Amino acid sequence: MAAPCRNARALVTCILRCSSCHIRSHWEAARQPCAFLLQQRTMTPYRKYSTPSIQQVTDAEEEQRPLKPPNKVAWYPTDDVYHIRYYPWNPIPLEECFQQMRRAAELEFRKPDIWVQISLQLDMKLEKKKKVEPFVGSVHLPHTITEPKKILVFATDSDDVEDAKKCGAHIVGGLELIQEILQDKVDFDYCVSVPSLIPDLQVLKKKLQKKFPKKKRDTVGHDIPFMVDLWSRGQKYSALTYPNKPTQEGKGHVNVIIGRLDMTDEQLTENIDCMIKAVCTHKPLHFGSFVTRALVHAKGTPAYKFQVEPFLPAEPKDDNEFE
């Protein structure tokens, strides 16, 4: 037990020494977990006896590549156990993505016919401050995955009406259908029209909204069999932007279903190839690659980044370089 303090000055000195010792002990206790966290962040997994990396890089690619990617430890892990956040997300072949998805779906007790979806990240920038506007389209997949849609056709010519009925249009008519649509008496998924009736259909623009026929969506034209077949059996896709994210300015994305997991690898690959080429038609090729990243996933499975370069259309060569 400490000796009693004989005066006020000694009492104050004793209190200050006790408080400093108390603060120092708390600082030492708090510094230990901070040092542990710092060690965990800077620690890189490495074992000399681990299996070699599966992905092999040629010497020419290694010389052109920088020493390491920004904010990462290295391009590829040297161990079979590592933290994903320390290394970049490298793409893998599409066939390997399908194998891992089927394995993950089996472990999650998912049905073998779940939908397979791809997510495409787009570069919407054009020259100067111009950008590609959000778009909607439809494409004929080599292997159909959905049932035919109900199509309404606006046409008055007898030949157009006959062609629309032959190719399987659900409803065919002229301006008399306007009142029925306003009263919700007809049911349809998409509508197409001949160009001569578009001025009279402006009263339906607010009612139909995205279903209203437009030329850039291939829902206005003279080739009625083509439009009916495209929208009744085609797969719809749409590109969206990030209006409320300044860091994502000039970027867009497309999320679309391309098949079922129980389809063969060849069928899924052909559908993906057809969909990516259809999306790339909305931006001129001389502005560079439209699709910058591609992911494939299904319900209950992780998303896998695959190599999109083999599916991109070839850029046109400059004729001046051969002169």
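The values are calculated or read from the model by the stated rules, or taken from the named source; none is laboratory data. These numbers were taken from a predicted model, which means no experiment stands behind them. Cβ: placed from backbone, ideal geometry, glycine included. Neighbour counts: every protein chain shown.
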The condition of being closer than 30 Å to LEU107 by Cβ, under 16 Å from the mean Cα position of the chain (by Cα) and either of a type outside the set (S, T, N, Q) or not in a loop (DSSP other than H, G, I, E, B) (or both) holds, among ALA239, ALA294, ALA278, only for ALA294
Picking from LYS214, LYS210, the residue that is free of Cβ contacts under 8 Å to residues at least 12 places away in the same chain and under 23 Å from VAL136 (Cβ atoms) would be LYS214
Among (1) touching a Pro at 6+ places or on another chain (Cβ under 7 Å); (2) closer than 22 Å to HIS140 by Cβ, where does LEU240 come up short?
-> (2)
Take the residues in the stretch 195-220 that are part of a loop (DSSP other than H, G, I, E, B) and either assigned by TED's automatic domain parsing to the domain that holds PRO134 or of a type outside the set (S, T, N, Q) (or both), then tell me which one is surrounded by the fewest Cβ atoms within 10 Å (Cβ to Cβ).
-> LYS214
Limited to the stretch 185-235, what total is found for residues that are touching a Pro at 6+ places or on another chain (Cβ under 6 Å) and hydroxyl-bearing (Ser, Thr, Tyr)?
-> 3
Considering (1) touching a residue at least 24 places away in the same chain (Cβ under 8 Å); (2) in contact with a strand residue (DSSP E or B) (Cβ under 9 Å, 6 or more places away or on another chain), say which one VAL203 fails and leave the rest.
-> (2)
Test for VAL228: is it in a helix (DSSP H, G or I), surrounded by 15 or more Cβ atoms within 10 Å (Cβ to Cβ), among the β-branched types (Val, Ile, Thr) and in contact (Cβ under 8 Å) with a residue 40 or more places away in the chain | yes
Filtering the stretch 166-194 for residues that are surrounded by 14 or more Cβ atoms within 10 Å (Cβ to Cβ) and free of Cβ contacts under 8 Å to residues at least 24 places away in the same chain leaves a count of 5
